[in-house]
Amino acid sequence: MNFHHLDRRLTGLPLLSALALSLAVCSCTLEPPPKKVPVSLITVAGESIEVQLRSNDGLVTSLTHSETGTDLLGGQADSLGSPVFGIEVYDELESTSYSDLRDSSFITDFSGSESGVSFTKQFIGAPFSLEQRITRSDYGIQLRCRSWCEDIETPLRSVRFTYLIPAPKGYFFWVPGMEIPLRLDGENAVHYRYGCGELSDKATGIPLAVLWKTGGAGLSIGVPLEIKTVRVSFSIDPSVHSSPPAGSFPTSEDFSYLRVTFDLVGIGPGRPLETGLWIYGHQDDWRPAVKIFAETYREFFEGAPRAQELAGIPGTAEPGGADPAAVRRLLQLDAGLARIDWNYQRPGQWIPPQAVRFNDFTWACQADPQKYSNISVQQIRFLVDALRIAKLQPVLYAAYNQRCDPELALSRFSADIARDELGNPLATPGGHLLMHAAPASPFGRQILEQQQAMTGLFPEAAGFFFDDLAVAGVDFAHDDSLTVIHNRPACNLGDTFNRLGPLLTRMVHDAGKLVVAGVPQTISACAGIDVLCLEKPENIGTVALMGLNRPTLAIPPAGSPSGAREIECQLQKQLVWGILPSTGQLETSPEISRAYRQLYLSIKGRRWVLEPHALTLPEGVQGQLFQVPSVERPGRTDYLATVVRPGVLLADESLRRGVVVRVRIPDAEYLVRAFWTPAAVPSWPLPVKTVFAQGELSVELPPFGPAGVLRLSRR
């Protein structure tokens, strides 16, 4: 086929727009279009990406980093304009897959301007259509694809919508949560999930994947947070690929496909599906990828500025814990926040109606009446005052949960009981019922009313703690207008805080309080959260980045490892990622607490440094680079590198010599003062020498054991 090459250059168009071109618009008619668009190659120039695509089918043939001219797809395109990007849609109802790799399609209504391009696409035989839009963005390009069925008789169907992006051998691959980037060798496989399901070591809370070649440029593929999703997976598996006919897509000998899949969704009459990608270029590292994403969606990655000053090492206090000894114990462990554990195990009715009217009314906690048998608003206020006097920040468990006492649920909120596919109520191992909640639903209104009452009853509290944000489950008794499973509408329970969170956080902020929260499934639910709390260490990497510019604290659940060695390993991992420990962790071993105390006090108020290759450490050593408040110059900042030898503990008495810390940041040459604080007993800052050459600051550390922190500052 001879292509008529038009050097039609659309400036300012995001790379995502080119991907949008490869999305198909579902249409129920199988009649051929009255007119096909002429074939041409079109160049779309975004701020960081230049993409070339074919006008006859919208398939991308090349992708170039604008600043460096680097081919971001490893030179896969040829002079004839063979496609390198594509989509694949699996229709579960008909057990049929439609793929750009092998199936015929046509596009109509192709149009372009300086603001973007758009077209519609139809796979031959598909009962749905795709409308694609490519628009400019601050970085790269934005792609939007709207899929729909026009025939009202077409049944609702579950679909998996996949974008296919080449991932060349020799490139590095990374998603938030991976401790070490994966070098692609054509054989290794990786799979990370964003959304519905438990946060785990194979889940990410940020919908972003990064590819780069050392010495070249980086390519980020993200899902815009404005797009509602149920679950998105980022996977590379060389053993899973289609067999394209000769002359279409390149073979997979030199590269695998990165598959970005939107699933647990569907398409039906009056129920269109919108998917999309945001693609942008940057330097050859994961840090600038995160920096661009976080700056674009700043409200999801930052809390109130005063949270950095108020939030410190978290401790816990019980209603009867206002005695001086209990408060002294928290102070000795350098606690900053004191979370008040009280009637949080009475889900659905956190404060009895009598207590709202009478402050001395007492009640017993349903789950543990012996331990919490004499709770009253007056008693909690007394505890709040005692903590305030001791300069601790009291944080109360908030009125939020997706579990409800069965009797209460059946009597007052039966319409909101979540149910499985057979219609049975969903229950927790403890016997509570899982609940649907929305602002206008009975259980949702109960949560909002109870939090309003709680906020008014405890005006001296520093904040409220929202737990249970990452419930994993699907509710077939309700429809969120997005989730579709087994061709049936459903509701994603993990998305509840996205619905109620904005109202709850505004309520707390309007009262001048902080919002402290457990980690939700996705970063999209983090707007308005001031402090994040880590419970499960297996997802520490993604949680640390979700808490990028807000305090992130560890609150291990009951039953966590309690031995000194296990706790020290946890502390080391948290130090790497800039997460403050709990008093419960520190009091496990007085020696460990003393050895690591100064290290953790140093990272309070930390903010991530996301310059490319900001920190380089030798093999066997891990760490990150942060900005922290200056000790000597109030209002100014220093840099702090955390340095950890994973698996090496205090008791091993093992020293490593010759470790060189290398820092590459714009103002590195001005950082002439350096102090090294090791994990040791006793421990104090030691001055060390800095050397600056060829844009890099290097510091050779004195012999050290398991860990330490390096503080760098101006003169």
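In this label model, F382 and K169 are separated by 7.3 nm, measuring between points 7 Å along each Cα→Cβ vector.
Rolling a 1.4 angstrom probe over the protein heavy atoms with all chains in place gives the chain an accessible area of 39 Å² per residue. Relative to the longest principal axis of the chain, what angle (0 to 90°, nearest 10) does the C-alpha long axis of helix 564-577 take? Computed tilt is about 50 degrees. Net length available on complete extension from Q452 to D109 is 118.3 nm, with 0.36 nm assigned per residue and the Cα-Cα distance removed. Phi angles across segment 158-171 convert, under the Karplus curve 6.51 cos²θ - 1.76 cosθ + 1.60 with θ = phi - 60°, into 3J(HN,Hα) values of 6, 9, 10, 10, 10, 9, 10, 10, x, 10, x, 4, x, 7 Hz, Gly and Pro given as x. Over all other residues within a Cβ to Cβ distance under 14 Å of T616, the charged ones net out to -3, with Lys and Arg as +1 and Asp and Glu as -1. Entry note, the chain: relative contact order of 10 percent, from Cα contacts under 8 Å with a spacing of 6+ residues. Electrostatic bookkeeping for D285 treats Lys and Arg as +1 and Asp and Glu as -1; over the other residues with beta carbon under 13 Å from its beta carbon, the sum is +2. Comparing G647, S630, V672 along the charge dipole axis of segment 592-715, the residue lying farthest to the positive side is S630, per the Cβ-charge model. Using R0 = 30 Å, the C-beta based FRET efficiency linking L331 and E619 works out to 0.15.
Quick one: compute a quarter of the convex hull surface over the Cα atoms of the chain and quote it in nm². Write down the numbers at each step before the final one.
Details: hull surface 130.6 nm².
Convex hull of Cα atoms, orientation-averaged projection: 32.6 nm².
Distances between placed amide hydrogens fall under 5 Å for F128 paired with S27, all partners being 5 or more residues away or on another chain. Charge dipole (Cα centre; +1 on Lys/Arg Cβ, -1 on Asp/Glu Cβ; no other charges) of the chain amounts to roughly 1920 debye. Helix 377-389 axis versus longest C-alpha principal axis of the chain: approximately 90°, rounded to the nearest ten. Once both labels are positioned 7 Å from their Cα atoms along Cα-to-Cβ, the gap between E299 and K689 label points is 5.2 nm. Simple rule: put +1 on each Lys or Arg Cβ and -1 on each Asp or Glu Cβ in the chain, find the dipole, and look at I42, P319, I180; the Cα lying farthest toward the positive end is P319. Straight-line reach from K291: taking Cα to Cα under 15 Å and skipping same-chain neighbours fewer than 8 places apart, the aspartates and glutamates in range are D138, E299, E302, E611.
Using the beta-carbon distance between R102 and S654 and R0 = 60 Å, what value does 1/(1 + (r/R0)^6) give for FRET efficiency, to the nearest 0.05?
Details: r = 57 Å, r/R0 = 0.94.
In this case the efficiency is close to 0.60.
A cut-off under 9 angstrom between Cβ atoms defines the neighbours of H486, and their net charge, with Lys, Arg +1 and Asp, Glu -1, is -1. For the pair A189 and R636, a Förster radius of 56 Å applied to the C-beta separation gives a FRET efficiency near 0.75, rounded to the nearest 0.05.
Using the Kirkwood formula over every pair of different C-alpha atoms, what hydrodynamic radius in Å results for segment 80-150?
Averaging 1/r across every pair of different Cα atoms and inverting gives 13.6 Å.
In this simple spin-label approximation, N359 and E669 carry label points 7 Å from Cα along the Cα→Cβ vector, and these lie 6.3 nm apart.
Using only DSSP helix segments of four residues or longer, with each worth -39500 (n - 2.57), what per-residue ellipticity at 222 nm results for the chain after dividing by its residue count and rounding to 500? Mind showing how you got there, number by number?
Working: 14 runs with 131 residues, N = 715.
The per-residue figure over the chain is -5000 deg cm²/dmol.
Counting protein heavy atoms only, the chain has 50 percent of its accessible area on carbon and sulfur, 1.4 angstrom probe. Measuring against 18 Å, Cα to Cα, the residue pairs K169/K202; K513/K604; K228/K536; K169/K213 contain K169/K202; K513/K604; K228/K536 as the ones spanning a longer distance.
The values are calculated or read from the model by the stated rules, or taken from the named source; none is laboratory data. Keep in mind that this is a model prediction, so the values were computed, not measured. Heads up, the Cβs are rebuilt from the backbone with ideal geometry, glycines too, and the neighbour counts pull from every protein chain shown. The protein model used for the area step is the full one, side chains on, heavy atoms only, and it has no ligands, DNA or RNA in it. Shrake-Rupley method; radii C 1.70, N 1.55, O 1.52, S 1.80 Å.
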